[in-house]
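Participant: This is the structure, below, for whatever I ask next.
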Number of protein chains: 2
Amino acid sequence: MSNVKPARDRTPGRRRTETISVPFGDLDELLGYKLRRAQRAVFQDFAASMERHDITPGHLGLLLQVLRNPDISQTALAGRLGIERATLGPIIDRFEQRGLIRRRQAENDRRSYALCVSAQGKRFLQTLWDDLEIHERRIAADLSAAERASLLSLLDRIALTDQPQGSD
Amino acid sequence: MSNVKPARDRTPGRRRTETISVPFGDLDELLGYKLRRAQRAVFQDFAASMERHDITPGHLGLLLQVLRNPDISQTALAGRLGIERATLGPIIDRFEQRGLIRRRQAENDRRSYALCVSAQGKRFLQTLWDDLEIHERRIAADLSAAERASLLSLLDRIALTDQPQGSD
């Protein structure tokens, strides 16, 4: 790998980096790249922790939304999650089959369904949450409490200016 | 949403959270969740910035690997990226068709190909990098230089303890 030509094409990137000094081609100084790398490592650990619970991050967010909003309608839930009703239906079906969500006709609108997390669903979430806390401790094992708090706060301030945030 | 039952099932989670105090069901205190949310927002902005360049983050990483390692073999590149040679082949084909990568027979092994970023590929990367810098400034617009540096460093320390990091 030593036959690298003089880096004629690699320097111009420096010209206009007034605020961020990123040598052209060096991903290691890019916030987006670091974020993606950290997210990927954390997600691998999350997936391993959640394997026995058989649930994705998005579906966990959905279940927690229902837990926090008993009797929420499918329409309202789809709105909160920013997804189509048609997409939500099969996901709720699956949760119902697993006995984690109960679906019943809304009292004030017979065409609409009200959703609740079942007692079994609550036990499921409790067991899952225990694993989630272990995962959380593991991914931040190298940080002090103050550093962890600082990271949470800095992450909150990334790209929040003109981006609507997902709702799960 | 006011007919919430007394939160009988929501309290037990507090019992054993000695190190991290996460009220059961509150994603907002989870580092994994914040990371995912920030990553998603940043990725949306990245995707919008990169739309005219028609490239994914992974493929950009690949192209930069080839740029930094002229004459790298497909086998060595697959190894660095942690992907199968069979997966890499069609990606390189696509880059070759776009005129961004040149593939030629290796001098020391006629069965193997050596890869280079073409002059056109270098111009492509330069234009792309300009957009990437604008994207970087936008996502960190709310952070001081010190805060940005601190975030980069904290992200590096997440989950690096027992996770091999991806190589692109």
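Nothing in this text is a laboratory measurement; each read-out follows from the coordinates by a stated rule. Owing to the predicted nature of the structure, the values given are computational and were not obtained by experimental measurement. Note: ideal-geometry Cβ built from the backbone for every residue, glycine included; neighbour counts use all protein chains shown.
Participant: Filter region B:68-100 down to the residues that are closer than 22 Å to B:Ala47 by Cβ and crowded, with 17+ Cβ neighbours inside 10 Å and list them by number.
Facilitator: Correct list: B:Leu81, B:Ile83, B:Ile91, B:Phe95, B:Leu100.
Participant: Take the conditions more than 22 Å from the chain's Cα centre (by Cα) and outside any helix (DSSP H, G or I) and apply them to B:Ala141. Does it pass?
Facilitator: No, not satisfied.
Participant: I've got another one for you. For the subset of region B:60-113 comprising residues that are assigned to a loop (DSSP other than H, G, I, E, B) and among the acidic types (Asp, Glu), which member is farthest from the other protein chains (Cβ to nearest Cβ)?
Facilitator: Applying the filter and picking the extreme gives B:Glu84.
Participant: Taking the conditions exactly as written (at the interface with chain A (Cβ under 10 Å from one of its Cβ atoms), in contact (Cβ under 8 Å) with a residue 40 or more places away in the chain, farther than 29 Å from B:Lys34 by Cβ and assigned to a helix (DSSP H, G or I)), does B:Leu132 satisfy them or not?
Facilitator: no
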